[in-house]
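Shown next, in structure tokens, is the structure this report addresses.
Where a number appears in this text, it was derived from the coordinates with a stated rule and is not lab data. Please read all numbers here as calculations on a predicted model, not as lab measurements. In this analysis, Cβ positions are derived from the backbone assuming ideal geometry, glycine residues included, and neighbour counts consider all displayed protein chains.
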Amino acid sequence: MNKNYDFVPIDPGGNKKVVLLTFDDGPKEKAQLETILDSLDKHKAKAIFFVNGYRVKQNPELLKRIRERGQTIGNHSWDHIDLKKENEETIRKQIGDVQRIVQDTVGAAPRFFRPPFGSSNDFVKKLAKDEGMLFMTWSNGSEDWLASNQKPEGVVKRVLEQLHPGSNILMHELPWTAEALDDLLTKLEEKGYAFLDPDAIDTSYWPFEQTSHQ
């Protein structure tokens, strides 16, 4: 799993046993989204929902629901394509159009960016920064996207196997993940972990050396 960013240094409370919860590829479907939001509320947890522009266009009311429930919205490109393979004009549109539709829908543009597949280059990273976003991938993948891992207990098992202080946990808006979330958060709390509020993250942090565009 990608581990190019860790949240321990910017945890304002100094508690090293924190994790960041994230959900990619939404907003998809109301019932499973509400299940996820209810579990987050139950555990007083905040998360980043990295959304795709085409799904926001299809389901603007679900994006509003995420915002209304006090959760954070991130940019995951418009079409969920491999940005590393695209030209600069396409990349600008894929990222910029999501900023605009989210701004128009909920009144605030995303402050976080995650590239599809974790694939990017220097131009993608610099553009995300120029758009006022903190670039991130993940360090703990639930593997809930695998055909072999479409059961709640499998999602919980994968996350716990990779758990480390400062984990950036990647999940998706999927039925088995929604079903697993309450149990997962309970187990994380039992292990002494707290959930990092994305609003506490310093988005001016730049974990990459300045290099030429590729």
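Which value, in debye to the nearest 20, gives the size of the charge dipole of the chain about its Cα centre, when Lys and Arg are +1 and Asp and Glu are -1 at the Cβ? Write down the numbers at each step before the final one.
Numbers: 29 positive and 34 negative charges, 28 e Å.
Charge dipole of the chain: 140 debye, to the nearest 20.
Take the cross-link list Lys28/Lys93; Lys44/Lys191; Lys42/Lys151; Lys85/Lys125; Lys42/Lys64 and give me the ones stretching past 24 Å between alpha-carbons. Where the Cα-Cα span goes over 24 Å, no listed pair is concerned, since all stay within it. Counting neighbouring Cβ atoms within 10 Å and putting the fewest first, the residues Val156, Val19, Val98 line up as Val156, Val19, Val98.
In loop segments of the stretch 115-214 as defined by DSSP, the GluC sites (Glu not before Pro) with at most 15 further C-beta atoms inside 10 Å of their C-beta are Glu209. With the helix formula -39500 (n - 2.57) applied to DSSP H stretches of n ≥ 4, the chain reaches a computed 222 nm mean residue ellipticity of -12000 deg cm²/dmol. Mind checking the angle between helix 152-161 and the chain's longest principal axis? C-alpha axes, 0 to 90 degrees, to the nearest 10. Taking the Cα atoms of the chain, the angle to 152-161 is about 80 degrees. Three principal axis extents describe the C-alpha atoms of the stretch 13-131; from largest down they are 43, 37, 23 Å. In a Gaussian network model over the chain where Cα atoms closer than 10 Å are linked, find which of Ala109, Ala31, Ala194 has the largest mean-square fluctuation. In this elastic network of the chain, the residue with the biggest mean-square fluctuation among Ala109, Ala31, Ala194 is Ala31.
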